[in-house]
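No value in this document is a laboratory result; all are computed from the given coordinates. Computed from a prediction, not measured in an experiment: that's the story for all the values here. All Cβ positions, glycine included, derive from the backbone under ideal geometry; neighbour counts span all protein chains shown.
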Amino acid sequence: MQLFLVLLMKKIKKIDLVKDFSHKKYGFFKDASIQVCEWNKKALRGEGVCYKQDFYGAHTLSCHQITPVTFWCNNSCVFCWRPNEYMGPTPDKVTQGANPKEMIEGLILARKKLLTGFKGHPKVSKSVFDASQESRHWAISLSGEPTLYKNLPKLIREIKNREGTETVFLVSNGQNPSMLKRLKREDSLPTQLYISMVGPNESVYKSITCNSEKSGWLNYLESLALVPLIGTRTVIRLTLIKGINDKSELVREFADILSATGSDFIEVKSYMWLGFSRDRLSKTNMPSFEEIKSFALKLLELLPNYKFESEKKNSRIVLLKRRDSKYKTKIIDRD
């Protein structure tokens with residue numbers, strides 16, 4: 001009886017979350033979801049593009065930002081705008097049983113429904129609207145931790161094999177190195193792999209990610225060790241939270257661990273005071289662009305193998321690049 005009640009409460013909680021996410025303009029296919037972000041909407045209205053297009057050439061207008069595991073993550077980061085207090089670390093059978101090909105088609109359809117209101121918009125031409133219906137760029141990063149989805153290799157292969165796909169970006173928290181190894185072993189690597197970074201040592205890392213696993217820090221270090229071996233473009237995304245992980249005494253530690261990864265790119269970006277994170281942090285924890293750039297330049301002084309590559313002020317982000325990276329910064333030049 002007790003187990004039944006626990007399962008019932010989980011089901012009710014998920015139904016409530018789906019309603020809440022749908023209100024925030026998420027589209028769903030089972031437990032997988034897709035969202036049309038603000039930059040996607042701005043691109044439709046001719047008001048600019050996401051930094052991923054500015055930096056790497058990823059197509060903002062047709063971006064499909066998705067996740068196969070909307071409600072599942074094995075971290076509970078304090079800066080996350082998602083309701084991680086209600087998210088579980090182990091995906092259920094419904095999530096794990098989703099067919100990748102059906103998921104892709106379902107999410108494409110859900111996105112088209114979300115964009116319906118832009119058809120006939122005074123700022124959106126027919127040609128621009130038609131281009132938004134394409135699926136050139138895929139960002140597997142929306143919510144939850146995508147490497148928890150057991151069919152992730154097949155999902156990425158299906159996306160890459162679709163006609164019109166140009167780029168596939170995968171963002172991971174680095175807690176599941178075994179899946180990263182599978183992606184390489186099964187020839188399912190994304191165009192660009194991101195590993196998130198918030199702390200240069202176990203204490204800072206766990207205080208921000210709230211990871212409760214005994215091997216959490218070791219799992220993360222194993223993922224970082226895979227970065228130079230993985231065989232695709234790599235990015236370490238360092239999210240700074242003012243007053244928490246931007247302290248001057250941490251610059252050297254961050255530089256040491258970043259240098260060891262040999263990542264092709266390093267993004268230094270600001271925590272944004274949005275969503276559920278506003279219940280955990282204050283607006284004063286959000287660094288300004290000037291503070292982000294200052295921190296990035298301090299890192300550069302300790303990273304002789306990297307150079308300043310680009311910046312986007314309104315996204316509060318700075319891009320550094322390894323000097324001997326074999327990759328062009330822009331995968332596709334759209335200028």
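So how far, in whole Å, is the C-alpha centre of segment 263-335 from the one of segment 82-122? After rounding, the separation between the Cα centres reads 28 Å. Placing R0 at 25 angstrom, the Cβ-Cβ distance between Ser282 and Asp256 gives a FRET efficiency of 0.25 after rounding to 0.05.
Along the axis of the charge dipole computed for the chain (Cβ charges of +1 for Lys and Arg, -1 for Asp and Glu, origin at the Cα centre), the listed residues Pro68, Ile140, Met103 are led at the positive end by Met103.
Any idea what the relative contact order of the chain is, in percent, if you count C-alpha pairs under 8 Å spaced at least 6 apart? Reported as a whole number, the value is 16 percent.
When the Cα positions of Ala131, Asn245, Phe265 are compared along the charge dipole of the chain, Ala131 comes out farthest toward the positive end, with charges on each C-beta of Lys, Arg, Asp and Glu. A simple charge model with +1 on the Cβ of Lys and Arg, -1 on the Cβ of Asp and Glu and nothing else charged puts the dipole of segment 21-322 at about 740 debye relative to its Cα centre.
Here each label is just a point 7 Å from Cα along the line to Cβ, and for Asn161 and Asp333 those points are 3.3 nm apart.
State which entries of Lys242/Lys298; Lys154/Lys326; Lys101/Lys321 exceed 23 angstrom in Cα-Cα distance in the structure shown. Walk me through the numbers before you get to the answer.
Details: Lys242/Lys298 15 Å; Lys154/Lys326 27 Å; Lys101/Lys321 35 Å.
The pairs that break the limit, which is 23 Å between Cα atoms, are Lys154/Lys326; Lys101/Lys321.
For Lys123, give me every one of the aspartates and glutamates with a C-alpha distance below 18 angstrom, ignoring sequence neighbours fewer than eight places off in its own chain. Answer for Lys123, where 18 Å is the Cα cut-off: Glu38, Glu47, listed by chain and number.
Of all complete DSSP H helices in the chain, those with a Cα span along the helix axis of 30 Å or greater and a mean Kyte-Doolittle hydropathy of -1.0 or more are 2-23. Spin-label pair Phe308-Glu134: with each label point 7 Å from Cα along the Cα-Cβ axis, the two points sit 3.4 nm from one another. Projected label points at Gln96 and Lys184, each 7 Å from Cα along the beta carbon direction, are separated by 2.5 nanometres.
Give, in nm to one decimal, the length gained when the segment between Lys119 and Trp273 is fully stretched (0.36 nm per residue of separation minus the Cα-Cα distance). Write down the numbers at each step before the final one.
Values: separation 154, 0.36 × 154 = 55.44 nm, distance 3.12 nm.
Taking 0.36 nm per residue and subtracting the Cα distance, the gain is 52.3 nm.
Got a sec? How would Met179, Met197 order by Cβ neighbour count within 10 Å, fewest to most? Please list the in-between numbers first.
Working: Met179 20, Met197 25.
Sorted ascending by nearby Cβ count, the order is Met179, Met197.
Among the listed pairs Lys25/Lys312; Lys52/Lys150; Lys19/Lys328; Lys30/Lys184; Lys126/Lys181; Lys41/Lys206, those whose Cα-Cα separation exceeds 32 Å are Lys19/Lys328; Lys126/Lys181; Lys41/Lys206. Here's the list of aspartates and glutamates a cross-link from Lys93 could span, going by alpha-carbon distance under 13 Å and ignoring same-chain residues fewer than 8 apart: Asp31.
Size check on segment 17-83: the Cα extents along the three principal axes, sorted descending, read 33, 23, 18 Å.
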